[in-house]
Amino acid sequence: MSFILLEIMFSQFFKKPRQSPKDAIVEVISTSTLVLLTQPLVLFLSFTAALYAFPEWQDVLRDYPFWFLFLLFLLFDDMTQYWWHRLAHNVPLLYNLHRPHHEASYMSIRIVYRNNLFYYFLMPGIWFSGVLIYLGAGWVYAVYVVLKMTVIFAAHSDIRWDKALYKVSWLAPLMWILERLISTPSTHSAHHGKHMEDGVTHYKGNYGNLLFFWDVLFGSAKITRRYPAEYGVENMSDTSAAEQLLWPVVRDRKK
């Protein structure tokens, strides 16, 4: 909520530069569908499946220490989302589900949940999270998911909070660590850049969500401390709001 308020106060939250009418439609529908339907449904289904498959394992992890359960969520939710995200950028069929996230010509908290309606239903990390909740880690998930979404909101925001911190000389060692640990506006905006030749854009990398460390570890990181001049998809034809949300059920006939 704090980052949303900052965008409203200091940027054009409700009318972004180069925004098209369909942008708001895609963002409202995809965001509300994920929050109200997809994520609760997947957590319920995975929890229920684990209940029937392993009834004797319910709450088996409840008494384990916080750090251990938090680490499990980092591995089974955040790391698997890194690989799901990376796969989506390298497999054309999956990219059609993720492309709406990159159709926006701007950075904003508005686009955090902007994806095809099937994208999150297939995301392994949400299914694994439901199983971990069944195993007794729900009390840790309540903390983990808030922390994760705070970092993701901060990384997508067009309030470039890291830019100001880069200018503080005594913070240099901390920022060196921070930009390699979590996603920041600089590293994540590079992932959303439109033109690969601009020297900043890196849409075939910087896939991390909570932890940017996965990009460092698996060789997909690019750190420039700069921001692309343009955002969007490069060398691809236009697509309708309906196709963005419902591909492959809906496909544009004109293409």
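The values are calculated or read from the model by the stated rules, or taken from the named source; none is laboratory data. Please read all numbers here as calculations on a predicted model, not as lab measurements. When we count neighbours, we look across all protein chains shown, and the Cβ atoms used for this are built from the backbone with ideal geometry, even at glycine. Accessible surface is based on the protein model in full, side chains and every heavy atom, while ligands, DNA and RNA are left aside. Shrake-Rupley method; radii C 1.70, N 1.55, O 1.52, S 1.80 Å.
If we scan the range 111-121, do we find a residue that is more than 24 Å from Val250 (Cβ to Cβ), within 12 Å of the chain's Cα centre (by Cα) and either of a type in the set (Lys, Arg) or crowded, with 19+ Cβ neighbours inside 10 Å (or both)? Before you say what the answer is, go through the steps one by one.
Initially, the range 111-121 is screened for residues more than 24 Å from Val250 (Cβ to Cβ), giving none.
No, every residue in the range 111-121 fails to be more than 24 Å from Val250 (Cβ to Cβ), within 12 Å of the chain's Cα centre (by Cα) and either of a type in the set (Lys, Arg) or crowded, with 19+ Cβ neighbours inside 10 Å (or both).
Of all residues in the range 203-223, those satisfying the criterion of being open to solvent by 30 Å² or more (accessible area, probe 1.4 Å) and either in contact with a Gly (Cβ under 7 Å, 6 or more places away or on another chain) or among the charged types (D, E, K, R) (or both) are Tyr203, Lys204, Ala221, Lys222.
Within the range 155-179, residues that are under 19 Å from Ile8 (Cβ atoms) reach partners that are at pLDDT below 95 and assigned to a loop (DSSP other than H, G, I, E, B) with beta carbons closer than 6 Å, at six or more positions or on different chains, in the pairs Asp158/Ser11.
Looking across the range 225-243, the residues that are surrounded by 14 or more Cβ atoms within 10 Å (Cβ to Cβ) and part of a loop (DSSP other than H, G, I, E, B) come down to Arg225, Arg226, Tyr227, Pro228, Glu230, Gly232, Val233, Thr239, Ser240.
Restricting Ser105, Ser30 to those that are of a type in the set (Ser, Thr, Tyr) and within 27 Å of Ala221 (Cα to Cα) reduces the list to Ser105. All conditions but one from (1) within 21 Å of the chain's Cα centre (by Cα); (2) open to solvent by 10 Å² or more (accessible area, probe 1.4 Å) apply to Val140; the one that does not is (2). Of the residues in the range 27-34, none is open to solvent by 40 Å² or more (accessible area, probe 1.4 Å), under 20 Å from the mean Cα position of the chain (by Cα), among the charged types (D, E, K, R) and closer than 30 Å to Glu243 by Cα. I'm checking my understanding of the structure. Among residues of the range 182-205 that are touching a Lys or Arg at 6+ places or on another chain (Cβ under 6 Å) and part of a loop (DSSP other than H, G, I, E, B), which one is farthest from Met79 (Cα to Cα)? Once the filter is applied, the top-ranked residue is Val200.
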